[in-house]
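First comes the structure, then the notes that go with it.
The values are calculated or read from the model by the stated rules, or taken from the named source; none is laboratory data. For clarity, every value in this text was computed on a predicted model and none was experimentally measured. Heads up, the Cβs are rebuilt from the backbone with ideal geometry, glycines too, and the neighbour counts pull from every protein chain shown. The accessibility values were calculated without ligands, DNA or RNA, using every heavy atom of the protein model including side chains. Shrake-Rupley method; radii C 1.70, N 1.55, O 1.52, S 1.80 Å.
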Amino acid sequence: DIQDGIPERNGRPTLWWHWGPAQAINAGDGMHALGRLALLEGESKHWSPKELIQAVSTLDKACLDMCQGQFLDLTYTERVDVNQEEYIDMIGKKNASLVRSAVILGAISAGCDSNDLDNIADYGFKLGLSIQIRNDILDLWCTDHKSQMSGDILNKKKSLPIVYALRNAKGEEKHTLGDIYFKRSMENRDIEALLGVLDSIGARQYAQDTLEELKGDCLAALADLTISESAKDNLVNLAIFASNGTCE
């Protein structure tokens with residue numbers, strides 16, 4: 001939020017906006033330490049040394065991936081040539097790695113068979129991609145941009161529908177995108193023009209189709225897990241929820 005200059009998130013003031021950047025950075029560092037301590041002091045009571053090392057390593061690798069993904073995300077704000085593969089790589093590091101780590105840690109804590117961890121990790125990664133792409137859709141089409149902050153869009157963040165449009169727009173639509181993204185700074189009134197281009201070339205449908213593919217990948221990863229049916233049903237329902245890009 002500090003790096004992106006976002007004053008509001010999910011209808012609430014962001015920490016740096018309320019308390020200042022210095023205290024927000026301090027809080028972030030503290031939360032990272034708390035995450036490690038939660039593993040070392042809590043879960044270690046019933047984990048083997050090997051499981052504990054795996055858990056801490058999973059958390060730290062996810063944090064490093066997130067930092068790399070954030071670097072790419074910030075870099076992409078000044079580019080208009082980002083392709084879909086680069087976008088997926090970016091959110092894979094920034095977003096999906098965190099969800100994957102959470103799923104792996106939950107599986108280890110629940111005593112999941114080690115043979116299932118690869119499938120669990122793949123499920124978590126694809127679920128994380130789905131959550132971000134779903135948010136991409138909701139931010140663009142399910143937000144009242146006249147009354148709510150549109151920080152990520154105004155900061156020229158490259159969500160999947162926008163990346164698709166920048167790569168596939170032609171003629172007048174391409175000129176419109178150029179007028180928007182080559183401006184020094186975007187304004188709220190630019191969002192309406194942007195949405196018009198996205199709708200005209202099917203960018204939302206492309207993002208929804210991508211969600212459907214990821215849902216299939218999630219379900220395939222769950223198929224052979226040796227866990228209870230009720231637990232598997234919960235994971236299936238979560239994958240179905242994450243694939244729903246409608247404004248409900």
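Summary of computed values
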| quantity | calculated |
| --- | --- |
| Low-density loop cleavage sites - GluC sites (Glu not before Pro) in region 16-93, where at most 12 other Cβ are within 10 Å (DSSP) | E78 |
| Sites D81 and K232 - FRET efficiency at Förster radius 41 Å, r taken between beta-carbons, to 0.05 | 0.50 |
| Solvent exposure of the chain as accessible area per residue, Å², 1.4 Å probe | 55 |
| Spacing of the two label points (7 Å from each Cα toward its C-beta) at S109 and L52, in nm | 1.7 |
| Label-point gap, in nm, between A27 and L117 - each point 7 angstrom along Cα→Cβ | 3.4 |
| All-pairs alpha carbon distance profile, region 101-217, 10 Å steps from 0, percent | 13, 36, 25, 16, 9, 2 |
| Relative contact order, percent, region 1-152 [alpha-carbon distance under 8 Å, six or more residues apart] | 21 |
| GluC sites (Glu not before Pro) within region 133-223: DSSP coil, no more than 14 neighbouring Cβ in 10 Å | E187 |
| Euclidean distance between Cα centres, region 157-213 to region 67-142, Å | 22 |
| Cα-derived Rg over Rh, computed across the chain with Rh taken as Kirkwood radius | 1.00 |
| Residue among R79, R12, R204 with the largest mean-square fluctuation in a Gaussian network model of the chain, springs linking Cα atoms under 10 Å | R12 |
| The chain, accessible surface, carbon-and-sulfur percent (1.4 angstrom probe) | 54 |
| Restraint check, K50/K215; K50/K93; K126/K170; K183/K215; K61/K183; K156/K232, Cα-Cα greater than 29 Å | K50/K215; K126/K170; K183/K215; K61/K183; K156/K232 |
| When region 175-248 is reduced to its Cα atoms, the Kirkwood hydrodynamic radius in Å | 15.2 |
| Built amide H within the under 5 Å cut-off of E8, gap 5+ | T14 |
| Dimensions (Å) - region 70-134, Cα atoms, principal axes, largest first | 45, 19, 16 |
| Theoretical ellipticity at 222 nm over the chain - DSSP helices of four or more residues, -39500 (n - 2.57) apiece, nearest 500 | -21500 deg cm²/dmol |
| Chain lengthening between N168 and A193 when straightened (0.36 nm per residue, less Cα-Cα) | 7.4 nm |
